[in-house]
Amino acid sequence: MNRRLILTTLAAATVAALAGCSGPYTISADVSSYGNWPADRKPGTYAFDRLPSQQHSEEATKRETALEEAAKAALEKAGFKPAADAKSADVLVTLGARVTAYDPVPWDDPLWWRWRGRLFSPRYGYAPGWSGWGWRQDPFFDRRYDRAVALLVRDRASGEALFETHASNEGMTMGSEALLTPLFDAALAEFPQVNPKSHRVSVQAVR
């Protein structure tokens, strides 16, 4: 799937949200989930479980704390409650997040057409290899960012993985910690149902 199609949130809305404007808005993300949550099992209590790589430094610990704060509301909406400690929790939750920057290739532009034997787009001009200029220096060239979160729920007693979910969207900025909360909301919006096929989920957020 072309990653440029993942985003359904308008870029203007995302930029406005990051700028700190107030009011509700809608975030849409591409979600996929896996696992086999028992039909008769209630969500129960949870505790966060950090991997060694997530706590090897002060910076890593700070980052995981921000992720956990962002995921708490989504977990509670799904029916989970925080446990007094990890030893008494019904499930353990592991979190992850990443931001990937990439440069879109011009021939992915839907406006490309073939003119006089060469590929041309009103956005990028002539395709590289068919013209003398480099499209990476084009003033209309945009870098894109893929923002993603992941969440894994395991049974504390057995260690069995019960539910795994991923949510991502795309925009013109790296985003901020404020974007993590709606991404986790989208990731858990359909819990405990699973759907491995990537599909769009929209959630309400407040900026």
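Before moving on, here are some points about what is shown:
- If only residues of segment 149-163 that are surrounded by fewer than 22 Cβ atoms within 10 Å (Cβ to Cβ) and under 21 Å from the mean Cα position of the chain (by Cα) are counted, the one that is nearest to ARG41 (Cα to Cα) is LEU162.
- Residues satisfying the stated conditions in segment 56-87, i.e. among the polar types (S, T, N, Q) and either part of a helix (DSSP H, G or I) or under 22 Å from ALA178 (Cα atoms) (or both): THR61, THR65
- Top-ranked residue of segment 53-102 - restricted to ones that are more than 16 Å from the chain's Cα centre (by Cα) and among the hydroxyl-bearing types (Ser, Thr, Tyr), ranked as nearest to ARG156 (Cα to Cα): SER88
- PHE80 being in contact with a Leu (Cβ under 8 Å, 6 or more places away or on another chain), in the same structural domain as LEU180 (by TED's automatic domain parsing) and at pLDDT 95 or above: no
The values are calculated or read from the model by the stated rules, or taken from the named source; none is laboratory data. Bear in mind the structure is a predicted one, so any value in this text is a computation, not a measurement. Positions of Cβ are generated from backbone atoms using ideal geometry, with glycine treated the same way; all protein chains shown enter the neighbour counts.
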